[in-house]
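Colleague: Before I ask anything, here is the structure I am working with.
Computed from the coordinates by the stated procedures, all read-outs in this text should not be read as laboratory data. On a predicted model such as this, the values are computed, not experimentally measured, just so you know. Heads up, the Cβs are rebuilt from the backbone with ideal geometry, glycines too, and the neighbour counts pull from every protein chain shown.
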Amino acid sequence: MTDPLARRGLYRLVYASRATDPEVIDETLRAVVAKSIQNNRIDDITGFLAAGEGRFLQVLEGPGQTVAQAYERIGADPRHDEIVLIADGPAERRLFTDWNMGQRRLEAEDASALSEVGLEHFTPAGLDEERAIRLLSLLGARHLR
């Protein structure tokens, strides 16, 4: 992660991971989102979590120290592994202002969003920051419908 001194202002972190038990990804998603909403409201963190095909993609935005602490909790969570840090660093503004933790379980109708960022399947670990943010933004817009 970025130098702790750089975490004083607004910070953005994006990561991808794999569910350790893809058979219960819906239950995992519900539990993660419920706890994240509670924690993120207190910590002034906003973000969005996408889940599908046994994988997760998440963005967190907020005060640098609390985002770093949230990421440490995520890393210790046994419900997922193969955590790949896609991006972390200072942000000029929040991109995901509407939710303490928005979420979307990918469905067939999301194929066009995947295609727009060059994915045939939901394999987010290979995305760069720009494509990961684009995908989460597209899915977030669908979440609002």
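Colleague: Take Tyr15 and decide whether it is among the hydroxyl-bearing types (Ser, Thr, Tyr), closer than 22 Å to Ser137 by Cβ, in a strand (DSSP E or B) and out of contact with any Pro (no Cβ under 8 Å at 6 or more places or on another chain).
Modeller: Yes, satisfied.
Colleague: Based on this model, can you work out whether Ala113 counts as within 15 Å of Gly140 (Cβ to Cβ), outside any loop (DSSP other than H, G, I, E, B) and without any contact (Cβ under 8 Å) to a residue 40 or more places away in the chain?
Modeller: Yes, satisfied.
Colleague: Can you tell me which residues in segment 116-145 are touching a helix residue (DSSP H, G or I) at 6+ places or on another chain (Cβ under 8 Å), part of a helix (DSSP H, G or I) and not hydrophobic (A, V, I, L, M, F, W, C)?
Modeller: Residues satisfying the conditions are Glu116, Pro124, Arg134, Arg142.
Colleague: Glu107 fails exactly one of the following numbered conditions: (1) in contact with an Asp or Glu (Cβ under 7 Å, 6 or more places away or on another chain); (2) loosely packed, with under 14 Cβ neighbours inside 10 Å; (3) of a type outside the set (Phe, Trp, Tyr). What is the number of that condition?
Modeller: (1) is the only condition that Glu107 fails.
Colleague: So, in segment 53-71, how many residues would count as being part of a strand (DSSP E or B) and either touching a Gly at 6+ places or on another chain (Cβ under 7 Å) or over 25 Å from Phe122 (Cα atoms) (or both)?
Modeller: Count: 6.
Colleague: To continue, here is another question. Can you report the number of residues in segment 114-142 which are within 12 Å of Ala50 (Cα to Cα) and buried (at least 17 other Cβ atoms within 10 Å of the Cβ)?
Modeller: 10
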